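Report on the structure given below.
The values are calculated or read from the model by the stated rules, or taken from the named source; none is laboratory data. Note that the structure is predicted; figures quoted are calculated from it, not measured. Because the Cβ atoms are built from the backbone with ideal geometry, glycine has one as well, and the counts that use them run over all protein chains shown. The protein model used for the area step is the full one, side chains on, heavy atoms only, and it has no ligands, DNA or RNA in it. Shrake-Rupley method; radii C 1.70, N 1.55, O 1.52, S 1.80 Å.
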Amino acid sequence: MNTSIQNFFKLQTQRWRQRSVSERRVLIALAVLIAFAVFWFWIWQPINRHLDEINTRLPRAQAELDIARAQWREAAGLARQTSPKTPSDTRIAFMRVAERLSVASIVANLEAQGNQITCTFSSLPFSTLVSLLDALQREESFYVIDATLIPLSQGGSVRAELLLTRPNAS
């Protein structure tokens, strides 16, 4: 097999030498033209199409990045915020939010010990419970440690036993 390849190259070398100088120049020019065409269509054009696509997506990606950065700064700011009006009495803080949401009258049991509150609602709509917990967290920095929710036969109401804490209380 090695000899057949050598014979092929010898034959091509002989044919090349038999051609005139002008024929050789034309063949070299044709080979360069074909190489340039291959480079242009299979390498240069795909790269340019890809760069154009990247340039059209870049402003949208930068805008999304700016939005993400703004959201991150906002979240970091919210995490750093502390409630300056945090009273020392956790019972007063809990009742202030409960009265604002009109659920103070349905608290069945309320016990406060230090930074923790244990409260029981005998019947409370679930959506109201979610609103209460959200307001307690946002306004008075209460967090749920334990919650026992028992669904009642009344649609959407629960019996709720909550254990809440407020780490920032002084």
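Reported value for the chain: 317 Å³ per residue, from the convex hull of its C-alpha atoms. Find how much the distance from Ile150 to Ser105 grows on full extension, using 0.36 nm per residue of separation minus their present alpha carbon separation; answer in nm with one decimal. Stretched fully, the Ile150-Ser105 segment lengthens by 14.2 nm.
Helical content of the chain, expressed as a calculated mean residue ellipticity at 222 nm, amounts to -20000 deg cm²/dmol (DSSP H runs of 4 or more residues, -39,500 (n - 2.57) each, divided by residue number, nearest 500).
Per residue, the solvent-accessible area of the chain (1.4 Å probe, heavy atoms of protein chains only, all protein chains present) comes to 73 Å².
Converting phi to 3J(HN,Hα) with the Karplus coefficients 6.51, -1.76 and 1.60 and the offset θ = phi - 60°, segment 4-15 yields 5, 5, 4, 4, 4, 5, 4, 4, 5, 4, 5, 5 Hz in sequence order, with x at every glycine or proline. Between Gln137 and Leu27, the simple spin-label model (points 7 angstrom out along Cα→Cβ) gives 8.0 nm. For the chain, carbon and sulfur atoms together expose 59% of the accessible surface, with a 1.4 angstrom probe and every protein chain in place.
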